[in-house]
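J.: Starting off with a structure, shown below.
The values are calculated or read from the model by the stated rules, or taken from the named source; none is laboratory data. The shown structure was predicted, so the numbers you read here are calculated from the model rather than taken from an experiment. For neighbour counting, all protein chains shown are included, and Cβ atoms are generated from backbone atoms with ideal geometry for every residue, glycine included. Ligands, DNA and RNA are stripped out before the accessible areas are found, and what is left, the full protein with its side chains, is counted by its heavy atoms. Shrake-Rupley method; radii C 1.70, N 1.55, O 1.52, S 1.80 Å.
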Amino acid sequence: MTTRTWEGPGARERLGLLRSTRTVAMVGASANPSRASYFVATYLLSSSDYDVYFVNPAATEILGRPVFPSLASLPVTPDLVDVFRKPADLPGVLDEALEVGARALWLQLGLWDEATAQRGQAAGLDVVMDRCLKIEHARFHGGLHLAGFDTGVISSRRRLA
């Protein structure tokens with residue numbers, strides 16, 4: 001078992017990051033509805049004010065939107081790079097994020113690379129690891145249900161029959 005020594009931003013810092021973000025680039029986005037990136041993409045497009053861009057050299061369109069082969073090919077500089085790639089790809093994604101001038105690197109659930117996080121922070125990026133952007137956004141905006149979707153109800157009271 002690997003001991004985790006790196007500590008990412010706390011809840012307040014993550015909320016601040018989400019509030020200051022305007023553009024999100026999803027690296028490793030997939031057109032496959034059974035993939036986590038597809039579920040996160042549908043949520044971000046329908047439940048956030050973010051301008052969302054998809055990055056995947058093997059795809060051309062996802063959810064009716066164009067897909068770009070790299071971060072450098074995007075028409076904008078993303079504020080936040082949301083990563084859905086295998087751990088071995090993380091250092092390269094960080095390099096790309098730094099090259100294009102992104103402000104934050106967000107590694108999805110299951111992705112943890114302390115060396116990449118430390119290098120990103122040292123270069124001035126906000127780095128979040130092993131957290132889902134959709135879950136965090138919904139949690140801070142009152143839309144998280146135990147099943148992971150928006151119920152449209154914000155209450156701590158039990159609904160009476």
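J.: Can you give the accessible area per residue of the chain, in Å², using a 1.4 Å probe?
T.: 57 Å²
J.: Shifting gears a bit: If you take the square roots of the eigenvalues of the alpha-carbon gyration tensor of the range 46-113 and sort them as a ≥ b ≥ c, do you get rounded (a/c under 1.5), prolate (a/b over b/c) or oblate?
T.: In terms of gyration-tensor shape, rounded.
J.: Distance between the C-alpha centers of the range 95-119 and the range 1-72? Whole Å please.
T.: So the separation of the two Cα centres works out to 12 Å.
J.: Skipping prolines and chain starts, which residues have an amide H placed within reach, meaning under 5 Å, of the one on V127, given they are 5 or more residues away or on another chain?
T.: Under 5 Å from the amide H of V127: L105.
J.: If you take every DSSP beta bridge whose two residues both sit in the chain, what share of them, in percent to the nearest 5, is antiparallel?
T.: Percentage antiparallel, nearest 5: 10.
J.: Shifting gears a bit: Take the alpha carbon gyration tensor of the chain, find the square roots of its eigenvalues, order them as a ≥ b ≥ c, and report rounded if a/c is under 1.5; if not, report prolate when a/b exceeds b/c, else oblate.
T.: Oblate is the answer for the chain, as a/c is 1.5 or above yet b/c matches or exceeds a/b.
J.: Add +1 for every Lys or Arg and -1 for every Asp or Glu among the other residues with Cβ under 10 Å from the Cβ of V128, and state the total.
T.: -3
J.: Suppose each label sits 7 Å from its Cα in the direction of the beta carbon; what would the S46-F140 distance come out to in nanometres?
T.: 2.2 nm
J.: State the percentage of accessible surface on the chain attributable to carbon and sulfur atoms; use a 1.4 Å probe and exclude ligands, DNA and RNA.
T.: 50 percent
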